[in-house]
Amino acid sequence: MTKPQLLQITRYSDWDQAPLDLAFQVHQIWNNPDLAEIGPQIRAIATSGGAGVASALIEACPKLELIAINGVGYDAIDLGLCKARGVKVSNTPGVLDGDCADLAVGMALALARAIPEADAHARSGAWASASFPLQRRFFGARAGILGLGRIGMEIARRLEGFGMDIAYSARSAKAVPYRFIPDPVALAEQSDFLFVATLANAETRHIVNAEVLRALGPKGAVINISRAANIDENALLDALESQSIAGAALDVFEGEPAINPRFAPLKNVVLQPHQGSATEATRRAMGKLQRDNLTAHFAGKPLLTPVDF
Ligand code: 8YV
């Protein structure tokens with residue numbers, strides 16, 4: 001039987017690449033395949049949440065049936081175009097929530113207790129001549145969670161263990177023991193640590209804007225484990241530079257992997273290279289779920305984790 005032709009947008013580890021190569025005739029975009037020639041044969045595209053798929057590529061593949069994302073985010077794909085073209089989309093929800101929540105809480109702790117600077121202080125020998133400045137207590141603080149989906153819920157569960165007073169914003173109130181504060185400005189006003197965990201779409205673009213940052217105030221910190229577009233990055237940089245907020249811990253950036261050079265000299269930030277889901281166990285689970293969706297589709301079965309649109 002001939003294998004279905006698949007266009008691969010992002011690189012995977014060997015443990016994901018090998019089974020993909022076994023089941024599909026794979027064309028890797030970085031090898032510059034002749035799209036005019038192979039485009040009409042492509043039936044599936046494999047990509048990541050961050051990279052998505054350029055609309056021009058979708059257009060170049062008239063027989064495209066499925067875009068299988070290795071990741072939960074689908075903001076980098078034009079769903080309207082997919083709908084019009086009858087292209088299905090699958091993602092990998094559920095398997096990465098714990099890792100993303102771990103990193104969000106880890107970044108918040110690192111920021112509050114200045115763990116990266118304290119490490120440098122101990123390493124450099126500076127400790128012998130000066131004690132490290134006192135830092136900020138994390139447990140028992142007020143946490144605001146913007147977006148109480150799967151990842152937001154995992155963050156909340158972890159924060160319960162820190163005795164945090166937890167509030168959240170979401171489209172509607174949920175059956176959870178946390179305070180529902182629908183307005184992001186009001187949520188920020190009542191938060192010491194504001195965790196951004198909402199999916200990204202046109203509605204949430206810059207949901208954390210200058211007004212939310214003003215409401216967070218000089219004692220408030222923002223932690224972003226979602227997508228850069230959810231925060232107005234220029235407003236954030238202004239707030240960090242003027243210290244009108246206490247700090248930021250960020251796993252995602254506009255234009256990543258390049259980072260705005262204004263971040264580099266700041267002392268009130270913890271910066272991560274978009275590694276929320278990046279543990280081996282989770283990446284293996286994401287790869288398997290991505291392939292299971294591809295396999296189901298080409299076996300004529302329903303997708304395991306379709307993106308509904
Ligand atoms: C990864 C992500 O960057 O799940 C997402 O949407 O952004 C991340 O988990 C990526 O998709 C891994 O392939």
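Restrict the check to the stretch 118-138 and report whether at least one residue is within 28 Å of T282 (Cα to Cα) and touching a strand residue (DSSP E or B) at 6+ places or on another chain (Cβ under 7 Å).
No.
Would you mind finding the one in C100, C82 that is at negative phi, within 11 Å of the ligand (Cβ to nearest atom) and part of a helix (DSSP H, G or I)?
Residue meeting the stated conditions: C100.
Taking the stretch 274-296, which residues are surrounded by fewer than 17 Cβ atoms within 10 Å (Cβ to Cβ) and either within 11 Å of the ligand (Cβ to nearest atom) or more than 15 Å from G94 (Cβ to Cβ) (or both)?
Q275, A278, T279, E280, T295 - these are the residues of the stretch 274-296 that are surrounded by fewer than 17 Cβ atoms within 10 Å (Cβ to Cβ) and either within 11 Å of the ligand (Cβ to nearest atom) or more than 15 Å from G94 (Cβ to Cβ) (or both).
So if I check each of A229, A258, A278, A239, which one is among the small types (G, A, S), over 26 Å from A76 (Cα atoms) and outside any strand (DSSP E or B)?
A239
I need the strands (runs of 3 or more DSSP E) fully contained in the stretch 23-79, keeping only those with at least 1 residues that are over 24 Å from E280 (Cβ atoms) and within 16 Å of the ligand (Cβ to nearest atom).
Answer list for the stretch 23-79: 42-48, 66-70.
Since every read-out is calculated from the coordinates, none of them should be taken as a lab result. Since the model is a prediction, treat every value here as computed from it, not as a measurement. Ideal geometry is used to build each Cβ from the backbone, glycine not excepted, and the neighbour counts take in all protein chains shown.
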